[in-house]
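Right, one structure below, let's go through it.
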Amino acid sequence: MADDYEIRFQLDSTNAADGAYNDDSDGLVNSNEAALGTDPWIPDTDRDGFRDDADSNPVSRVVITWGEPLYSYSNEYFYTGPPWWLGAWKEGGDWTTNSIAAWRAPASLSNDFGNLLIAVDRLLLTNDARLHTTFRGSTGATLYVDLDGTNGWTLATNLFGNLITAPDTDLSTNVSIPFAQNSDAAMIRLRRGTGEISVYENLLYVDEDSDGLDAEQETQLGTSDFSTDSDADGINDSTEVLRGTDPADDQSSNIMIWVNDASGSDAHDGYGQTVSAGHGPKKTIHGGIGAGLNGDTIVIAAGTYQDEASIFASGNKHLTFQSSGSVIVK
């Protein structure tokens with residue numbers, strides 16, 4: 001492993017043995033991670049839902065966790081990412097790690113001062129890109145998205161209006177950056193107008209059909225980045241990935257939705273019999289029906305289910321019901 005890689009990710013450049021370590025348990029030892037340019041501490045470096053060892057391009061997205069102590073130096077943020085990403089930095093404001101890493105611009109800053117910038121190589125990135133932002137703003141705060149040229153001049157301003165739609169609340173937006181129609185644009189500017197702003201994270205990636213799967217994921221799955229339902233089975237490609245069905249096969253669309261009054265929660269997605277890998281059973285039969293799609297099977301664990309008067313309102317969906325024992329509905 002190169003010394004600069006080990007220094008960036010705070011590995012031990014004097015210990016040859018750590019090349020065989022697998023600190024994030026993703027199936028790749030550190031020397032493999034170094035060869036791929038992935039994060040040895042995170043099993044899914046680009047946060048696209050595919051583990052690094054199962055991802056054909058494990059650095060397909062720009063991931064910026066503003067203020068993360070490992071990667072925030074002076075005014076700049078350094079991390080691994082796709083070759084078309086050139087860098088990210090702040091102008092004004094401070095890094096903060098009080099409870100969660102962030103860039104914070106206090107209300108005491110002059111109006112229209114305090115920016116975050118993300119630079120890209122337009123020779124390599126010719127498509128529009130999705131920008132996901134998580135942030136928070138005080139009452140009266142304003143945060144805008146601009147596009148700048150390589151010379152720093154603003155080419156397009158206030159593309160989406162004030163991003164802060166509710167004060168003192170953690171918010172997220174996912175917008176399409178119009179690079180294709182702004183061929184000279186090379187930098188995204190998150191521009192503070194007024195008030196106190198905290199920005200936690202940005203993700204930047206190519207997703208032409210805005211279905212939540214980036215272009216590299218679509219290639220790996222055999223789906224199209226220009227269709228939200230590549231196999232025309234009526235289910236969004238990204239929904240199929242979450243459900244565990246094949247978005248490139250119109251015969252792979254239905255699953256079992258699990259319901260368990262004892263261990264479930266209606267905050268779960270219903271896609272697992274037990275809570276694991278982000279999935280878990282619903283608590284109520286009504287919740288299971290809501291999670292099911294046409295043709296799914298609702299599997300109800302034995303138990304007593306309260307307040308289920310509306311369970312048969314399936315919304316004209318054709319569902320199959322199974323139970324693993326005695327089910328009492330009240």
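Give me the Debye-computed log₁₀ of I(q)/I(0) at q = 0.14, 0.16, 0.17 Å⁻¹ for segment 254-330, equal point scatterers on Cα only, no solvent, two decimals. Computed log10 I(q)/I(0) values: -0.36, -0.47, -0.54.
With no solvent and one equal point scatterer per Cα, compute the Debye intensity ratio I(q)/I(0) for segment 163-269 at 0.11, 0.17, 0.19, 0.21 Å⁻¹ and report its log10, rounded to two decimals. With no solvent term, the Cα-only Debye profile gives -0.57, -0.98, -1.04, -1.10.
Once the dipole of the chain is set up with Lys and Arg at +1 and Asp and Glu at -1 on Cβ about the Cα centre, which of Asn32, Leu86, His279 lies farthest towards its positive end? It is His279, whose Cα lies furthest towards the positive end.
Straight-line reach from Lys282: taking Cα to Cα under 20 Å and skipping same-chain neighbours fewer than 8 places apart, the lysines in range are Lys317, Lys330. Given R0 = 35 Å, the distance between the Cβ atoms of Phe160 and Thr274 translates into a calculated FRET efficiency of 0.30. Sorting the segments 234-240, 69-75 by their residues' average number of neighbouring beta-carbon atoms within 10 angstrom, most packed first, yields 234-240, 69-75. Taking Cα centre as origin and charging only the Cβ of basic (Lys, Arg, +1) and acidic (Asp, Glu, -1) residues, the dipole magnitude of the chain rounds to 1220 debye. Computed packing ranks the peptides 199-209, 168-178 as 199-209, 168-178, most packed first, by mean other Cβ atoms within 10 Å. Taking Cα centre as origin and charging only the Cβ of basic (Lys, Arg, +1) and acidic (Asp, Glu, -1) residues, the dipole magnitude of segment 254-330 rounds to 60 debye.
Quick note on segment 73-179: its Rg to Rh ratio, both from C-alpha atoms and Rh being the Kirkwood radius, is 0.94. Projected label points at Leu36 and Thr139, each 7 Å from Cα along the beta carbon direction, are separated by 4.8 nanometres. With the highest mean first, a sort of the peptides 51-58, 145-152 on other beta-carbon atoms found within 10 angstrom per residue produces 51-58, 145-152.
Taken together, the values in this text are just the output of simple stated rules run on the coordinates, not laboratory data. The shown structure was predicted, so the numbers you read here are calculated from the model rather than taken from an experiment. Cβ: placed from backbone, ideal geometry, glycine included. Neighbour counts: every protein chain shown.
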